[in-house]
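Peer 1: First the structure, then my questions, so here it is.
The values are calculated or read from the model by the stated rules, or taken from the named source; none is laboratory data. From a predicted model like this one, the values you see are computed outputs, not experimental measurements. Virtual Cβ from ideal backbone geometry, glycine too; neighbours counted across all protein chains shown.
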Amino acid sequence: MVQLGHPEGDWPSAKIRVGEYVPALYSHMAIVESAGEGELDELLAAGLQRFTVRRLGPTSVQVDHQRLPEVRKLFERLGQTPRITNE
Amino acid sequence: MTLAQTRTSRPVAQRLELFSSAAIKQIATALGTAASAPRSTQLRQLTELIGTQRHRELLERELSADEWAMLTLLPLELAPFRLRVFMIALWERGLNDLAALGCIHRLLSFGCLLPVQTAWNHSKLGIETNEVQEWGIQAAFELAPSVASWAQKYFASEEWLTPVEPPEPASASALPNLQRAAFVLLGELARKPLRVTSAGLPNKTDLRRLVAALTSGGPAAKREGAPGSVPPLVYFTLAVLAGAELLRLEGGGLRPDAQTREFFAAPEAQQVQQLFIGWCRSRFDDFGAIPTLSSAYIFEDAELWMIENAYRQPNAQQLLTARVAVAEALSRLLKGRPDAWFRIDSFATYVYQKFPEILFPRVEDYAIFYFQPGLYPGARNPHRKYTTVYRAPSSGSFDAGAGIEDRTLYQDTDWLEVEGAFVRQVLGASMRLLGLVEVGPSGPAPDRFRLTAMGRAVLLGEAAPAPQAPATGRTAIVQPNFEVLVLDAARSFGLLGQLDAFAERRTLDRAATYQLTRTALVRGFDAGWTGPRVIETLEAANGAPLPQNVRYTLDEWIQLYERLSLREAATLLETDGPEELERLLADPKLGRLLGMRLGPSLVLVRSAAAVAVAARIAEITGEIHGVDYSQSPQGLMRIREPDRIELDAAAAEPYLRYRLETFATLQATAGDRLRYQIDSDSVSRGVAGGASAKQMIDLLSEATGAALPPEFRLRLLAWSGAVPALKTEALVAIALPPEAGEWEELRLIPALGRYVRAVPGPRVALVAASEIDGIREELLVRGLSLSEAELPENAFQVEPAKSDLKSSLLEFADNPNAIRRALKSLGILAEVESPRRGWYR
């Protein structure tokens, strides 16, 4: 069983069945989204891969939320000015 | 600010209730209503009469001109007042106590004054003169409705103010200075708030930062703490902004309120109205700013910022009342004749006559009603000193001993230097900064003033001056070099506020210059601006399409921003597959809480809706797995010596596995566990990927909930390269027999001590192998020979230090058994003896 606090209130208790996937709700996750698949591939090849946890979809990846300063610095080096949000 | 705002809204009937029955009867008699009727009838009839045209006609028949003049005193319209305002004014006109009380009695009898608060020990107020003497100090009154406006008929402003020649030259309104200061300071405080001390004063270091920003017209990040005094304009602007609630105290600091953007976008007359009200309420010390006066209250730290509730005269509340009184006097005197120039001293005389106690009391409370004149000589001394204020010394610093007689001021002869100076200061500095008046001639001692068009709008209620349209038809010029030139900054603070959001401000003077940069544009987007809105704002200010190169570049920057996003704290729902996600999306309650779909089984959730989503999914599916990345994983792993990590499969969410797999290799999945192993290659890989040994140890320690086992920790540290190569050296141990004493004594002999590298036990010393012959010779000299042998096991045994023994004895002082065990553990006692009887008290 995993119970995690949340600033908006307590999560409902959740039971994890071993060996069987259940819906999972991740909060405070860091995600990079690009407008196109090719652009994301280019970014990964240019250094984003180093911070990537997993690919979420054709145009989005989960990145290491503990290394966000490095991710921002990489974008700066690549001349990218992404929309940065807290959501 | 209209004076009506300060009135209470209690109806006449409620206020009449505070009079005694005898008083009601007297009022009814004076006003010609049924004096013999029951009280309730009398009250109803009086309520219906007071404030009506019939009441006015009756007053016009009965009251003398002097009595009407009493009803035009300034404090009567500022707030509930006490009767001392009449007594002081009547004494000033030479009336004795009885005559003054008689005048008050008549005003009460004719229903001109209505109580809002009775006095201690008086549930009802009588109005006979002896009764007035009893409660006169405490009870508070307001004028009856309409009486103030009727009284104005008996008042000719020309008696007080006659127009004079315009000055040459005049000092025009300084409103642009205040607007610029407000704009710069609000911008700087949005970047970093102004800390406020526990005494309620602005932090000096922060003030200097604001001074630097004001001097340069831009952010002051690099110039914090610059020396120098704080100009009055900084205090004035901060106090006015705080009074106008454009600055708010939050978390120990003053920071801009959210409404500041609307403020700068509002018409100028509305801005000035808000700043004027802010000034009236402000903590700015107008009195302290008078250059010709010194105060006995020395608040070096306070400068021109009033400390609330501080004991001083005039205090913050008195200054607030005084400011409103001056504004009210202006509106009374200049209505209908606003465009002429008038002498400041004539206006000050009016203010003083209508409000002698505007700043300082003339007499103590107790001397007003309670004592007969002359009983306590000095209680009503007209030649009374200002006890807290003096003429400023020529040197500029206050020194009570330097020519104090010459600098002493008296209330009957010198009020024009004190109250008059206050009026002069308010007109020449504060109201001029607010754009309400202009004064002249320019210089340190202007002697005349007039209202500006803005002053007429704010104080007299005239139409606001029309904003001046720019001569060129455009408020700004966007140049091909990406510079934006705002031609008349003082009239374009709304635009400047917008440009501040998405461009870099370079200068701010009469004109302002901004530079369009990608960084600033992104900052604007992050604050909620959109590309089309930026272009629209710039084109509207430019009065024409943007230069082609600027437009192309802006479009490119906008596109770059919109094509890539970094969500730093997103909430994401992941399902077992697309079908399950479809099923959840089809749920009417859940569907509207979910956001954009990122993949077949992944969908974004608004953070605010996360709890509701989790609850609904739990309802639908019966289970949900919550992972909050802002918290460390705990108790999900176990370490197996020497190099293995076991992770609960149920907790093996992607990020944890990603972190683990940066420096460990998945070996197998056994039952409900994933088994990882670290080796030199996997740990080196982690280090190459940017993970340090500390980060690896921290992750494992948190996830296991315990310190790492020594073997595992050692391997991790060593393989990560965090431990340099170990150093070795061959040393020889020399054991002393008990008869020869201990090495700590022998090493004091210089010839022996220089060879000793360490003394690990009392009878064992370590010597470098290369120096063994040297110490052998020195020992031989002293009759001791060396023979090579294997040392016994206890040769290195360390005897307990005295400090250890002492601390053990202190710790267990009341527990003999514990002492025995401690002695045994220290090797002092071989066996734990049984306690003897009688040890315990």
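Peer 1: If you scan the stretch B:66-125, which residues turn out to be assigned to a helix (DSSP H, G or I) and free of Cβ contacts under 8 Å to residues at least 24 places away in the same chain?
Peer 2: Selection gives B:F86, B:L90, B:A99, B:A100.
Peer 1: While we're looking at this one, here's another question. Would you confirm whether any residue within the stretch B:658-665 is more than 7 Å from chain A (Cβ to nearest Cβ), within 18 Å of A:S27 (Cβ to Cβ) and either without any contact (Cβ under 8 Å) to a residue 24 or more places away in the chain or not aliphatic (A, V, I, L, M) (or both)?
Peer 2: There is at least one residue in the stretch B:658-665 that is more than 7 Å from chain A (Cβ to nearest Cβ), within 18 Å of A:S27 (Cβ to Cβ) and either without any contact (Cβ under 8 Å) to a residue 24 or more places away in the chain or not aliphatic (A, V, I, L, M) (or both).
Peer 1: Here is a further query. Could you identify the single residue in B:L566, B:L508, B:L499, B:L521 that is more than 14 Å from every other protein chain (Cβ to nearest Cβ) and closer than 25 Å to A:T81 by Cβ?
Peer 2: B:L499
Peer 1: Determine which member of the set B:L275, B:L249, B:L238 is out of contact with any Lys or Arg (no Cβ under 6 Å at 6 or more places or on another chain), part of a strand (DSSP E or B) and aliphatic (A, V, I, L, M).
Peer 2: Result of the check over B:L275, B:L249, B:L238: B:L249.
Peer 1: Determine which single condition B:A722 fails, assuming it passes every other condition in (1) part of a loop (DSSP other than H, G, I, E, B); (2) modelled with pLDDT of 90 or more; (3) surrounded by 14 or more Cβ atoms within 10 Å (Cβ to Cβ).
Peer 2: The single condition B:A722 does not satisfy is (2).
Peer 1: Return the only residue of B:E250, B:E245, B:E262 being more than 19 Å from the chain's Cα centre (by Cα) and surrounded by fewer than 19 Cβ atoms within 10 Å (Cβ to Cβ).
Peer 2: One residue alone meets the criteria, B:E262.
Peer 1: Among the residues that make up the stretch A:11-32, is at least one of them closer than 27 Å to B:A527 by Cβ, touching an Asp or Glu at 6+ places or on another chain (Cβ under 8 Å), within 7 Å of chain B (Cβ to nearest Cβ) and modelled with pLDDT under 90?
Peer 2: no
Peer 1: Taking the criterion of being under 15 Å from B:V147 (Cα atoms), of a type in the set (D, E), surrounded by 17 or more Cβ atoms within 10 Å (Cβ to Cβ) and not assigned by TED's automatic domain parsing to the domain that holds B:E364, would at least one residue in the stretch B:89-99 satisfy it?
Peer 2: no
Peer 1: With the condition kept exactly as written, say whether any residue in the stretch B:133-153 is charged (D, E, K, R), surrounded by 15 or more Cβ atoms within 10 Å (Cβ to Cβ), over 37 Å from the mean Cα position of the chain (by Cα) and outside any helix (DSSP H, G or I).
Peer 2: The answer is no; no qualifying residue exists.
Peer 1: Oh, and also: Considering only residues that are within 14 Å of chain A (Cβ to nearest Cβ) and within 16 Å of B:A722 (Cβ to Cβ), which ones fall in the stretch B:670-686?
Peer 2: Hits for the stretch B:670-686 are B:R685, B:G686.
Peer 1: Of all the residues that make up the stretch B:562-589, how many are in contact with an Asp or Glu (Cβ under 9 Å, 6 or more places away or on another chain), buried (at least 19 other Cβ atoms within 10 Å of the Cβ) and part of a helix (DSSP H, G or I)?
Peer 2: Adding up the residues that qualify gives 1.
Peer 1: Quick check on A:T81: is it in contact with a helix residue (DSSP H, G or I) (Cβ under 8 Å, 6 or more places away or on another chain), surrounded by 15 or more Cβ atoms within 10 Å (Cβ to Cβ), farther than 23 Å from B:A614 by Cα and within 7 Å of chain B (Cβ to nearest Cβ)?
Peer 2: Spelling it out, A:T81 is indeed in contact with a helix residue (DSSP H, G or I) (Cβ under 8 Å, 6 or more places away or on another chain), surrounded by 15 or more Cβ atoms within 10 Å (Cβ to Cβ), farther than 23 Å from B:A614 by Cα and within 7 Å of chain B (Cβ to nearest Cβ).
Peer 1: Which residues, taken from the stretch B:647-692, are within 23 Å of B:A718 (Cα to Cα) and among the small types (G, A, S)?
Peer 2: B:A664, B:S680, B:S682, B:S684, B:G686, B:A688, B:G689, B:G690, B:A691, B:S692
Peer 1: With a cut-off of at least 3 residues that are more than 34 Å from the chain's Cα centre (by Cα) and in the same structural domain as B:R362 (by TED's automatic domain parsing), name the strands (runs of 3 or more DSSP E) lying wholly within the stretch B:398-456.
Peer 2: Result: B:408-410, B:448-451.
Peer 1: Within the stretch B:605-614, is there a residue that is within 11 Å of chain A (Cβ to nearest Cβ), over 21 Å from A:Q66 (Cβ atoms) and free of Cβ contacts under 8 Å to residues at least 12 places away in the same chain?
Peer 2: yes
Peer 1: Would you confirm whether any residue within the stretch B:631-643 is under 46 Å from the mean Cα position of the chain (by Cα) and within 7 Å of chain A (Cβ to nearest Cβ)?
Peer 2: So far as the stretch B:631-643 goes, yes, one or more of its residues are under 46 Å from the mean Cα position of the chain (by Cα) and within 7 Å of chain A (Cβ to nearest Cβ).
Peer 1: I've got another one for you. In the stretch B:404-428, how many are buried (at least 18 other Cβ atoms within 10 Å of the Cβ), in contact with a helix residue (DSSP H, G or I) (Cβ under 9 Å, 6 or more places away or on another chain) and under 16 Å from B:S346 (Cα atoms)?
Peer 2: Total meeting the criteria: 10.
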